[in-house]
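A.B. asks: Sharing a structure here in structure tokens format.
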Amino acid sequence: MTITTPDTPTAKPLLDWYDRHHRDLPWRISPGMAAGGAKPDPYRVWLSEVMLQQTTVQAVKPYFAKFLQRWPEVTDLAAAENDAVMAAWAGLGYYARARNLKKCAEAVAKEHGGVFPDTEEGLKSLPGIGDYTAAAVAAIAFNRQAAVMDGNVERVISRLYAIETPLPVGKPLMKEKVARLTPATRPGDFAQAMMDLGATICTPKRPACSLCPFRGACAALKHSDPEFFPVKAAKKEKPVRQGAAFVAVTADGEILLRRRAESGLLGGMTEVPTTAWTARLDGETSAAAAPFEAAWQACGTVLHVFTHFELRLSIWRTAIAGKVDDRANDGWWEPVTNLEAQALPTIMKKAIAAAIPLAFKTSKE
DNA sequence: TATCCGTGGCA
DNA sequence: TTGCCAAGGAT
């Protein structure tokens, strides 16, 4: 029996598919609009791409709308207060993105006259813009023939060419394939089409190969099992860390907050006083680590999974008459009614909610 | 190159 | 329930 060579993949069937099946997204100019002369706003493209780094479309939508309403142009974002940007980003995760977003806006405003560079190289020199984002903005906003490679494209390409080299070693080869496939016309639509395809058809599990515009050209579909690709290096298992967090509330309804170190985990974000998060921690050590002496009362444990460890945070609360000075630790007392405006990451909202069930309107129970 | 960096949805 | 993993970047 002869093995048939797959048809050589080309961009055409994918672009045709995109014209019929593209998703309507707030930051996107539809192919029809583009054909009518509409051009995507580089600021919106950049903002969406940074938010979409390792983050789902559904999670990004409300944040994108909020940022655009509050800071309609890159110069507005450049002029914003850091704290306001961090608070607006709270909950979206990967907070270095927010710090770099602000730095990037400032660089564009001050060093580029408020206009984004229109080349991959120029874009990549900006904070928070790496290989992927530079190529994506260059292709989508500036019609550059840039090879865009994200997790979706890795999956599509690895299947299309049945690349067995595990990631990340196989990434350069995949990038080469994408570059060869990227057309000179409509490179931005091609990039978005590849990502849409990966998100809706060429999915990690149970891909809908019968609906795929590449079904006649896909080596994995023809000779193997598409789900086998992409091959990835084995990953480490997550260690467990433990810690204690302390929620102190005054009779006036104010809570003690602190600011975390500018870099590292949850860098620059707001927290309630907490111990270090380490492999082991016993209860007596926890109580002794409280920010001040008081009748601390245990109120449960909060679980939270970070990228590289799982945290079990025991929560302690106390109700005290008045404020205790915490300025040595850069602490301050904030009205509980004003917590929504703070740059509180999700783990801290969970901790506070465990001690003060009504602190957040969105809190469970 | 390997590690660090959040969060939520889904099978 | 557990693991996977989503439009990655910085160091």
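The values are calculated or read from the model by the stated rules, or taken from the named source; none is laboratory data. Quick caveat: nothing in here was measured; it's all calculated off a predicted structure. All Cβ positions, glycine included, derive from the backbone under ideal geometry; neighbour counts span all protein chains shown. Note: accessible area is taken over every heavy atom of the protein model, side chains too, but ligands, DNA and RNA are not part of it. Shrake-Rupley method; radii C 1.70, N 1.55, O 1.52, S 1.80 Å.
A.B. asks: Whole number please: convex hull volume per residue, Cα atoms of the stretch A:1-155, in Å³.
C.D. replies: Per residue, the Cα convex hull of the stretch A:1-155 comes to 141 Å³.
A.B. asks: Sticking with this one: Would you list, by chain and number, the lysines whose Cα falls below 18 Å from the Cα of A:LYS175, excluding same-chain residues fewer than 8 positions away?
C.D. replies: The reachable lysines, counting only those whose Cα sits under 18 Å from A:LYS175, are A:LYS124, A:LYS232.
A.B. asks: Also: Under a GNM of chain A (C-alpha, springs under 10 Å), which listed residue has the highest mean-square fluctuation: A:PRO42, A:PRO230, A:PRO239?
C.D. replies: A:PRO239
A.B. asks: Continuing with the same structure: Considering only the other residues whose Cβ falls under 15 Å of the Cβ of A:THR165, what net charge follows from Lys and Arg at +1 and Asp and Glu at -1?
C.D. replies: Values: positive: A:ARG155, A:ARG159, A:LYS171, A:LYS175, A:LYS177, A:LYS232; negative: A:GLU154, A:GLU164, A:GLU176.
Cβ neighbours under 15 Å give a net charge of +3.
A.B. asks: Could you give log10 I(q)/I(0) at q = 0.07, 0.12 Å⁻¹ for chain A, computed by the Debye formula over C-alpha point scatterers of equal weight, without solvent?
C.D. replies: Those come out to -0.41, -0.98, one per q.
A.B. asks: Please pull out the direction-averaged projected area of the stretch A:312-365, using the convex hull of its alpha-carbon atoms, in nm² to one decimal place.
C.D. replies: 4.7
A.B. asks: To continue, here is another question. Take the solvent-accessible surface of the protein heavy atoms, probe 1.4 Å, and return the percent of it on chain A that carbon and sulfur atoms account for. Intermediate results must be reported in sequence, preceding the final value.
C.D. replies: Working: 9710 of 18650 Å².
Percent of accessible area from carbon and sulfur atoms in chain A: 52.
A.B. asks: Using just the Cα positions, wrap the stretch A:240-355 in a convex hull and report its mean projected area in square nanometres, one decimal place.
C.D. replies: It is 6.8 nm².
A.B. asks: To continue, here is another question. Give the calculated FRET efficiency between A:ASP118 and A:LYS222 to the nearest 0.05, with a Förster radius of 30 Å applied to their Cβ-Cβ distance. Don't skip to the end; give the middle numbers.
C.D. replies: Working: r = 40 Å, r/R0 = 1.32.
Between A:ASP118 and A:LYS222 the formula returns 0.15.
A.B. asks: Contour minus end-to-end for A:LEU173 and A:LYS205, with contour as 0.36 nm per residue of separation and end-to-end as the Cα-Cα distance?
C.D. replies: Full extension from A:LEU173 to A:LYS205 adds 9.2 nm.
A.B. asks: How high is the FRET efficiency between A:ASP325 and A:GLU237 when r is their beta carbon distance and R₀ equals 35 Å, given to the nearest 0.05?
C.D. replies: So the FRET efficiency works out to roughly 0.25.
A.B. asks: OK, next. Which residue, A:THR200, A:PRO62, A:GLY32, has the largest displacement toward the positive end of the dipole of chain A when charges sit on each Cβ (Lys, Arg +1; Asp, Glu -1)?
C.D. replies: The residue sitting most towards the positive pole is A:THR200.
A.B. asks: May I ask for the net charge around A:ARG23, where only other residues with Cβ less than 13 Å from the Cβ of A:ARG23 are counted and Lys, Arg are +1 while Asp, Glu are -1? Provide the component values of the computation, followed by the final result.
C.D. replies: Details: positive: A:ARG20, A:ARG28, A:LYS61; negative: A:ASP19, A:ASP24, A:ASP189, A:ASP196.
That works out to -1.
A.B. asks: Report the residue, chosen from A:LYS61, A:LYS236, A:LYS110, that carries the largest GNM mean-square fluctuation when chain A is represented by alpha-carbon nodes joined by springs under 10 Å.
C.D. replies: It is A:LYS236.
A.B. asks: Given a 1.4 Å probe, how much area per residue of chain A is accessible, in Å²?
C.D. replies: 51
A.B. asks: On a 1.4 Å probe surface of the protein chains, which of A:ARG144, A:ARG280 comes out largest in accessible area, and what is the full order?
C.D. replies: On the way: A:ARG144 95, A:ARG280 205 Å².
From most accessible down to least: A:ARG280, A:ARG144.
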